[in-house]
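The values are calculated or read from the model by the stated rules, or taken from the named source; none is laboratory data. On a predicted model such as this, the values are computed, not experimentally measured, just so you know. Neighbour counts are summed over all protein chains in view; Cβ atoms, including those assigned to glycine, are modelled from backbone coordinates with ideal geometry. All accessible areas refer to the heavy atoms of the entire protein, side chains included, with ligands and DNA or RNA removed. Shrake-Rupley method; radii C 1.70, N 1.55, O 1.52, S 1.80 Å.
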Amino acid sequence: MIYLHLTGSPPHLDLYDYKPTLVKLDGQPAPDEFIKGKRFAFTTGTPSLLGTRREFAQYAKGRLAFGRDPHLHEVADEMCVIKSMTTDQFNHAPAELLLLTGSPRAGRPSMGSWATYGLGSENENLPGFVVLISSGVKPNGGNSSFGSGFLPSIYQGVQCRSKGIRFIRLDPPGMAREVRRDTLDALAI
């Protein structure tokens, strides 16, 4: 299975989740029923609504509405778009943790950990799942985004970097290869 989580990519509201009412109310103050009695980090006063600036059109047999993108609509019939999931998490780290672990707080096993725990792995000498971080910047949720939580650490994702040492702790700095081999042999691994 390949799962892509594209931090910093265009939002769903600009790609495939057209909200005509939000576009119509663009720039207006948020209605009281959305903000009354709630505390928001980094927000003071009454925030304004922001609708997409993209034009949408319907594509595919399923008549999905997509923002004008040069290629996304070409694969519309091959996509599965789920629009029924909602959350009240709007800050990046808790929202990302909720998406990847089912909880907005650190400490729960990630989706990859559960998949590896439940399905196992055909690999004997390789990790059950690998995390590719192309920008060199960790996810907003930190290592918990691909961590094993309360499951044994063998189910944790192994981070692969795009620069420098590809796999962290595969070749610990300051430890000669022979010493590392002796350590692993002593542990009978």
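For the chain, the longest principal axis of the C-alpha atoms and the axis of helix 177-186 are separated by about 80°. When you filter the GluC sites (Glu not before Pro) in the range 42-91 for DSSP loop state and at most 14 other Cβ atoms inside 10 Å of their Cβ, you are left with Glu55.
Ordered by solvent-accessible area of protein heavy atoms (1.4 Å probe), largest first, the residues Ile133, Ile82, Ile2 come out as Ile2, Ile82, Ile133. I'd like the carbon and sulfur percentage of the solvent accessible area for the range 60-147, probe radius 1.4 Å, heavy atoms only, ligands and nucleic acids excluded. Roughly 53 percent of what the probe reaches on the range 60-147 is carbon or sulfur. Taking all protein chains together and rolling a 1.4 Å probe, Val179 ends up with roughly 80 Å² accessible.
Distance distribution P(r), the chain, all Cα-Cα pairs, bin width 5 angstrom from 0: 1, 6, 10, 13, 14, 15, 13, 10, 6, 4, 3, 2, 1, 0 percent. Counting heavy atoms of the protein chains alone, Ser145 has an accessible area of about 10 Å² for a 1.4 Å probe. Of the chymotrypsin sites (Phe, Trp or Tyr not before Pro) found in the range 1-96, the ones in coil according to DSSP and having at most 12 other Cβ atoms within 10 Å of their Cβ are Tyr3, Phe40, Phe42, Phe90. Using a probe of 1.4 angstrom and keeping all protein chains present, the accessible surface of the range 70-159 works out to 67 square angstrom per residue. For the residue pairs Lys24/Lys83; Lys19/Lys61; Lys61/Lys83; Lys19/Lys83; Lys38/Lys138, the alpha carbons lie more than 22 Å apart in Lys38/Lys138.
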